[in-house]
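Below: the structure, in structure tokens.
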Amino acid sequence: MTLKLIFMLLFLFMLTYSLIRPFTSLSSKFFLLMGSTLGILSLTEPGYVSNFAEFLGISGGGKDLYLYVSFVTIYLFIFYTAQRFRKLESKIINLTRQLALESVKKNNEQLPD
Amino acid sequence: MNTKNNHYTLDNVYIAIPLYNEEQVLNDVISDLQKNFSNIVVVDDGSKDRSNKLLRELDVTLITHAVNLGQGAAIKTAFEYITTIDEAFAIVTFDADGQHSTEDAVKFAKEIIRCKEDIILGSRFIENADHVPRLKRILLKSATLVTNFLIGVHLTDTHNGLKALKVKAVKKLDLDISGSAFESQLIMQVSKYKISVKEIATKITYTKYSMKKGQSMRNSLLIAEDIIKLVRSK
């Protein structure tokens, strides 16, 4: 019972957080919203999630639906993290280059003609 | 023969050298180049050895990356610097590990001034292909085959560090690959922007040192990954 309460609080927190937090990517917001809603439903009315899974054509019921959603979430997380990493790398490259060029420019200005 | 560039001399050709941890050979490579070229731009790509200290004592323009960014990023830094210089007519890119010869650099510099093409690429496979070690030859030929197929060009060597580029052509390029696959990106953009290009034979000296510093089999997988990304984003 305590465990159920902890999970319920966690899912409620995630749901509130997904509604309040400003997201740069809509898909992140969607996945957090969907995950937390499914989580709450699985605790309050497990039948709904199974019905929803059946509606989607997933034969294994709610558990399989969760498994699939988890896989998609993990892959999306990796994809967006890699993308963010590339953008960050590009910023570091530009910053390093500008610093290096500025330093040469400064050195050249200090040189006697 | 194009005569309109005839007032340019080797002083208008800038040598661009990307460099990373080359303390053992850099003195020889640079002093050899200085016999013919007065404008040498070295980009120290975050070397961890004494390279930077040694370079400060030489008569070259030294640009220092605070951290190691990759060969492509270092070349782009050199391009950005040289393209701001009014006297610069062309750039010759030269590897720092001593595998290129100064004679070839001079040949490329004179030819880029003389010829109508905007870029000259070095090729190990026009003449003296036997000098290339077998494994390296297979690797390079495969990379060339893939690049030719994916980009739709007909070159004999797509990953040769020795190149001559007119500054006006460099200004058209927008290179953003920081690793060694920038060579493929360059060729892709040459094809995209219809920049005229030709190949000239080069002789590469493969020493134990340069082989150790060069592209390994595992590195070539990273280059292949970059090429696939490039083609996907085309």
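Among the residues of the range A:3-47 satisfying the criterion of being surrounded by fewer than 12 Cβ atoms within 10 Å (Cβ to Cβ), modelled with pLDDT of 85 or more and β-branched (Val, Ile, Thr), which is nearest to A:Tyr66 (Cα to Cα)?
A:Ile6
Could you tell me which residue of the range A:97-113 is nearest to the other protein chains (Cβ to nearest Cβ), considering only residues that are among the acidic types (Asp, Glu) and part of a helix (DSSP H, G or I)? Walk me through it before giving the result.
Taking the range A:97-113 first, the residues among the acidic types (Asp, Glu) are A:102, A:109, A:113.
Add one more test, that the residue is part of a helix (DSSP H, G or I), and what stays is A:102, A:109.
Numbers: A:Glu102: 10, A:Glu109: 13 Å.
Here the residue is A:Glu102.
I'd like to verify a number: residues in the range B:41-98 that are at the interface with chain A (Cβ under 9 Å from one of its Cβ atoms) and farther than 17 Å from A:Ser103 by Cβ, how many?
The qualifying residues number 1.
Which of the residues spanning the range A:48-75 are small (Gly, Ala, Ser), surrounded by 15 or more Cβ atoms within 10 Å (Cβ to Cβ) and not in a helix (DSSP H, G or I)? Show your work before the answer.
Keep residues of the range A:48-75 that are small (Gly, Ala, Ser), which gives A:50, A:53, A:57, A:59-62, A:70.
Still in the running and surrounded by 15 or more Cβ atoms within 10 Å (Cβ to Cβ): A:50, A:53, A:61-62.
Within the range A:48-75, A:Gly61 is the sole residue that qualifies.
If we scan the range B:123-134, do we find a residue that is crowded, with 20+ Cβ neighbours inside 10 Å, of a type outside the set (Asp, Glu) and touching a helix residue (DSSP H, G or I) at 6+ places or on another chain (Cβ under 8 Å)? Quick ask: steps written out before the conclusion?
So the first thing to find is which residues in the range B:123-134 are crowded, with 20+ Cβ neighbours inside 10 Å, and the list is B:123-124.
Cutting the leftovers down to of a type outside the set (Asp, Glu) gives us B:123-124.
Remaining after also requiring touching a helix residue (DSSP H, G or I) at 6+ places or on another chain (Cβ under 8 Å): B:124.
Yes, the conditions are met somewhere in the range B:123-134.
With the requirement that a residue be basic (Lys, Arg) and more than 27 Å from the chain's Cα centre (by Cα), what does the range A:77-113 give you? Steps first, please.
The initial filter retains those residues of the range A:77-113 that are basic (Lys, Arg), namely A:84, A:86-87, A:91, A:97, A:105-106.
Answer for the range A:77-113, where residues must be basic (Lys, Arg) and more than 27 Å from the chain's Cα centre (by Cα): A:Arg97, A:Lys105, A:Lys106.
Residue by residue through the range B:107-122, note down the ones that are in a helix (DSSP H, G or I) and crowded, with 22+ Cβ neighbours inside 10 Å.
Of the residues in the range B:107-122, the ones in a helix (DSSP H, G or I) are B:107-114.
Answer for the range B:107-122, where residues must be in a helix (DSSP H, G or I) and crowded, with 22+ Cβ neighbours inside 10 Å: B:Phe108, B:Ala109, B:Ile112.
With the requirement that a residue be aromatic (Phe, Trp, Tyr) and touching a helix residue (DSSP H, G or I) at 6+ places or on another chain (Cβ under 9 Å), what does the range A:1-55 give you?
Kept after step one, since they are aromatic (Phe, Trp, Tyr), are these residues of the range A:1-55: A:7, A:11, A:13, A:17, A:23, A:30-31, A:48, A:52, A:55.
Once the filter is applied, which keeps residues that are aromatic (Phe, Trp, Tyr) and touching a helix residue (DSSP H, G or I) at 6+ places or on another chain (Cβ under 9 Å), the range A:1-55 yields A:Phe7, A:Phe11, A:Phe13, A:Tyr17, A:Phe23, A:Phe30, A:Phe31, A:Tyr48, A:Phe52.
Take the range B:32-76 and flag every residue that is under 20 Å from B:Ala109 (Cα atoms) and crowded, with 17+ Cβ neighbours inside 10 Å.
Those that are under 20 Å from B:Ala109 (Cα atoms) and crowded, with 17+ Cβ neighbours inside 10 Å: B:Leu33, B:Phe37, B:Asn39, B:Ile40, B:Val41, B:Val42, B:Val43, B:Val60, B:Thr61, B:Ile75, B:Lys76.
Six or more apart or on different chains, Cβ under 6 Å: which pairs go from a residue in the range A:76-96 that's at the interface with chain B (Cβ under 9 Å from one of its Cβ atoms) and surrounded by 13 or more Cβ atoms within 10 Å (Cβ to Cβ) to one that's in a helix (DSSP H, G or I) and aliphatic (A, V, I, L, M)? Could you list them?
A:Ile93/B:Ala73
The values are calculated or read from the model by the stated rules, or taken from the named source; none is laboratory data. Small disclaimer: the values here were computed from a predicted structure and weren't measured. For neighbour counting, all protein chains shown are included, and Cβ atoms are generated from backbone atoms with ideal geometry for every residue, glycine included.
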